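S.K.: One structure, as structure tokens, below. Some questions next.
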């Protein structure tokens, strides 16, 4: 399945590094999401973009910086992360608008380890 | 109280048995409800949406109880391949709020 792709799939970085996660959706959706998933915890919504405008930022630390250049691409820029930021980062997309089911479809995720 | 709660399990069930689990939500104004399945080290995948009238897809049946504020998932004739974590998601205030998931293990 290639509806939503994410790269890289795995990432190990030091606390002083800068890296970016990339997400691309091929479903024609107009909303995209970043989630963090830690072990045995619910999915935590980080950012939402609707029609390329950020509509949600759930008190995410500034060391995470999203970018949405168009409706098909979403980035998460990382800098000076902490070990507790180690998690699975999932990108999702959905249709929005009147009558849309707004079901979210996920990419395979980036498994991040911060040393 | 958490917004969306699930029994973490694991539910250990013999192959062929019927298993059911619930997901409770706190916001009575919630608009949409979903069940997702997540395999180990994979992404969540939509299993089914939950409609007010309930819905069925093969061996899977989802129900919504608005009065008691929970949704349920019933799996009949369980298969080994049904082993996974089942996540519920509830749309409240234009966001999807997620449960932490119920782990299901089907044993031969």
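S.K.: Please enumerate the residues belonging to region B:80-108 that are in a loop (DSSP other than H, G, I, E, B) and within 11 Å of chain A (Cβ to nearest Cβ).
M.R.: Within region B:80-108, B:93, B:94, B:99, B:100, B:101 qualify.
S.K.: Can you tell me which residue among A:90, A:74 is modelled with pLDDT of 95 or more, crowded, with 19+ Cβ neighbours inside 10 Å, within 12 Å of chain B (Cβ to nearest Cβ) and under 20 Å from residue B:44 (Cβ atoms)?
M.R.: After applying the criteria, what remains is A:90.
S.K.: Pull up region B:25-54, narrow it to residues that are in contact (Cβ under 8 Å) with a residue 40 or more places away in the chain, surrounded by 14 or more Cβ atoms within 10 Å (Cβ to Cβ) and farther than 13 Å from residue B:91 by Cα, then point me to the one that is nearest to the other protein chains (Cβ to nearest Cβ).
M.R.: B:44
S.K.: Among the numbered criteria (1) surrounded by fewer than 16 Cβ atoms within 10 Å (Cβ to Cβ); (2) touching a strand residue (DSSP E or B) at 6+ places or on another chain (Cβ under 6 Å); (3) part of a strand (DSSP E or B), which one does residue B:62 miss?
M.R.: For residue B:62, the exception is condition (1).
S.K.: Looking at the structure I just gave you, is residue B:73 part of a strand (DSSP E or B), within 29 Å of residue A:32 (Cβ to Cβ) and either within 14 Å of chain A (Cβ to nearest Cβ) or out of contact with any strand residue (DSSP E or B) (no Cβ under 6 Å at 6 or more places or on another chain) (or both)? Walk me through it before giving the result.
M.R.: On the way: part of a strand (DSSP E or B): yes; within 29 Å of residue A:32 (Cβ to Cβ): yes; either within 14 Å of chain A (Cβ to nearest Cβ) or out of contact with any strand residue (DSSP E or B) (no Cβ under 6 Å at 6 or more places or on another chain) (or both): no.
Judged against the criteria, residue B:73 is not a match.
S.K.: Test residue B:47 against the stated conditions and say whether it is closer than 29 Å to residue A:110 by Cβ and in contact with a strand residue (DSSP E or B) (Cβ under 6 Å, 6 or more places away or on another chain).
M.R.: On the way: closer than 29 Å to residue A:110 by Cβ: yes; in contact with a strand residue (DSSP E or B) (Cβ under 6 Å, 6 or more places away or on another chain): yes.
Yes: the conditions hold for residue B:47.
S.K.: Filter region A:9-45 for residues that are assigned to a strand (DSSP E or B), without any contact (Cβ under 8 Å) to a residue 24 or more places away in the chain and surrounded by 17 or more Cβ atoms within 10 Å (Cβ to Cβ) and give the result.
M.R.: A:45, the sole residue that qualifies.
S.K.: Check whether at least one residue in region A:76-86 is in a loop (DSSP other than H, G, I, E, B) and within 19 Å of residue B:91 (Cβ to Cβ), and report yes or no.
M.R.: Scanning region A:76-86 turns up no residue that is in a loop (DSSP other than H, G, I, E, B) and within 19 Å of residue B:91 (Cβ to Cβ).
S.K.: In this structure, does residue A:53 turn out to be modelled with pLDDT of 90 or more and more than 13 Å from chain B (Cβ to nearest Cβ)? Reasoning before the result, please.
M.R.: Working: modelled with pLDDT of 90 or more: no; more than 13 Å from chain B (Cβ to nearest Cβ): yes.
Against the criterion (modelled with pLDDT of 90 or more and more than 13 Å from chain B (Cβ to nearest Cβ)), residue A:53 does not qualify.
S.K.: Oh, and also: For residue A:61, are the conditions met, namely being part of a strand (DSSP E or B) and either over 28 Å from residue B:7 (Cβ atoms) or more than 9 Å from chain B (Cβ to nearest Cβ) (or both)? Quick ask: steps written out before the conclusion?
M.R.: On the way: part of a strand (DSSP E or B): no; either over 28 Å from residue B:7 (Cβ atoms) or more than 9 Å from chain B (Cβ to nearest Cβ) (or both): yes.
In short, no.
S.K.: Would you say residue A:48 is within 14 Å of chain B (Cβ to nearest Cβ), assigned to a strand (DSSP E or B) and surrounded by fewer than 16 Cβ atoms within 10 Å (Cβ to Cβ)?
M.R.: No: the conditions fail for residue A:48.
S.K.: Being within 19 Å of residue A:2 (Cβ to Cβ) and either over 12 Å from the mean Cα position of the chain (by Cα) or more than 13 Å from chain B (Cβ to nearest Cβ) (or both) is the filter here; which residues of region A:13-24 pass it?
M.R.: Passing the criteria: A:21, A:22, A:24.
The values are calculated or read from the model by the stated rules, or taken from the named source; none is laboratory data. The model shown is predicted, which means the values in this text are computed figures rather than measured ones. With ideal geometry, Cβ positions are generated from the backbone for all residues, glycine too; neighbour counts draw on all protein chains shown.
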